[in-house]
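The values are calculated or read from the model by the stated rules, or taken from the named source; none is laboratory data. Quick caveat: nothing in here was measured; it's all calculated off a predicted structure. Ideal geometry is used to build each Cβ from the backbone, glycine not excepted, and the neighbour counts take in all protein chains shown. The area values use the complete protein model at the heavy-atom level, side chains included, leaving out ligands, DNA and RNA. Shrake-Rupley method; radii C 1.70, N 1.55, O 1.52, S 1.80 Å.
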Amino acid sequence: MRADRLVSLVLLLRQHGRLSAAALARELEVSTRTVLRDVEALSAAGVPVFAERGRHGGFALLPGFRTELTGLNHDEALALVVAGSRRGAQVFGLGSALASAMLKVVDALPESYRTTAAGAAQRLLIDPETDLLARRRDVEEPPDAVVAEVRRAVFAGHRLRIRYAAVDQAPKWRTVDPVGLVTVRDQGYLLATRSGEERTYRLSRILAAEELDEPAQRPDQVDLDRAWRERSTRFRTGGDQVTVRVRVDPARRAELVGTALAVLAEEADADGRLRMEVAFQDARHAEWALWQLAPGAEALAPQWLRDSLRDRAAAIATRYTASP
């Protein structure tokens, strides 16, 4: 919306002091012609913006055109700046709104806090896209329009129609009563009920959404943290879950625990290796997890898992025995 863009333009000038039309256009993702029209509109509205010509010229505001946010200490100001780097807002389709809000908050901070908080924030990196092994995290980002419709229904307490693509199933329309939104490791989920039964939907699999003009059948108050824990427990203990006994190098324990559903038992062998009993979601999950650990772990039981890993290793060995 143009009103939001005008506010962002003013805030950019407050923070940077002077910016060229080209720089403003890049920040606002519009053309330079649009920037010039916006500057004219601000001047007509009484905002003291003026142009400085020359090689290092640009647009600027008269000194003193500022509103300060008081009552914050240094750590509180830093927390606000760092919050702008969190990915949860991206998952819920609020990325652009968060960026705009943070621009306003940072601009309104007292000068001393604004400088120190911005400098300290440069020393912090939250949830980078790759880890130390340069493995890139695959983040599924649902369309903003879909997430916005889901979000409106959740906040308004209205029923919601979604076209959902479950795993290995054709997309289907279904009507649900939304309860809340949860983000876990950059994945967003809609907690809802359908025909009175609890359901959890991954936002990235919602292909379309429509807020209905009907009140959702849900309690007035909800403890999302508790609801998520309960649903997670049911998910881990349901389906085709399998239990595996494994010997693992202690240096690889964290990797095993990080991918398993649960550790059921654990003890150390005489040689220093760990003998563990762990649960996986299904057979494919168990085989994949143990294969990733290569010689760092040995599946002891069940026998079908040992056979599967042996056959896979034999196939790889055969392939690399002959010259290419």
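Sketch the reach of a paramagnetic label on ARG245 as a point 7 Å from Cα along Cα-to-Cβ, and name the residues of region 275-301 whose backbone nitrogen lies under 12 Å away.
275-278, 299-301
Would you tally the net charge around TRP173, using a Cβ to Cβ cut-off of less than 11 Å, leaving TRP173 out, and scoring K and R as +1, D and E as -1?
Here the count lands on +3.
Take ARG37 and ASP282, extend 7 Å from each Cα along the Cα→Cβ direction, and tell me the distance between the two endpoints in nm.
Taking the simple label geometry, ARG37 and ASP282 are separated by 5.4 nm.
How large is the accessible surface of ARG234 in square angstrom, using a 1.4 angstrom probe and rounding to the nearest 10?
The accessible area of ARG234 comes to roughly 120 Å².
Under a 1.4 angstrom probe, counting protein chains only, how are ILE206, ILE316 ranked by accessible area, largest first?
The ordering from most to least exposed comes out as ILE316, ILE206.
Note down the net charge around SER31, summing +1 for each Lys or Arg and -1 for each Asp or Glu among other residues with Cβ under 11 Å from its Cβ.
Here the count lands on +1.
Distance between Cα centroids, region 32-65 to region 261-275: provide it in whole Å.
Using only Cα atoms to place each centre, the spacing works out to 67 Å.
Quick one: if you stick a label point 7 Å off each Cα along the C-beta vector at SER323 and TRP304, how many nm between them?
4.3
Which shape class applies to region 1-56: rounded if a/c is under 1.5, otherwise prolate when a/b exceeds b/c and oblate if not, where a ≥ b ≥ c are the square roots of the Cα gyration tensor eigenvalues?
Verdict is rounded for region 1-56.
State, to one decimal in nm, how far the label point of ARG53 lies from the label point of VAL257, with both points 7 Å from Cα in the Cβ direction.
Rounded to a tenth, the inter-label distance reads 6.9 nm.
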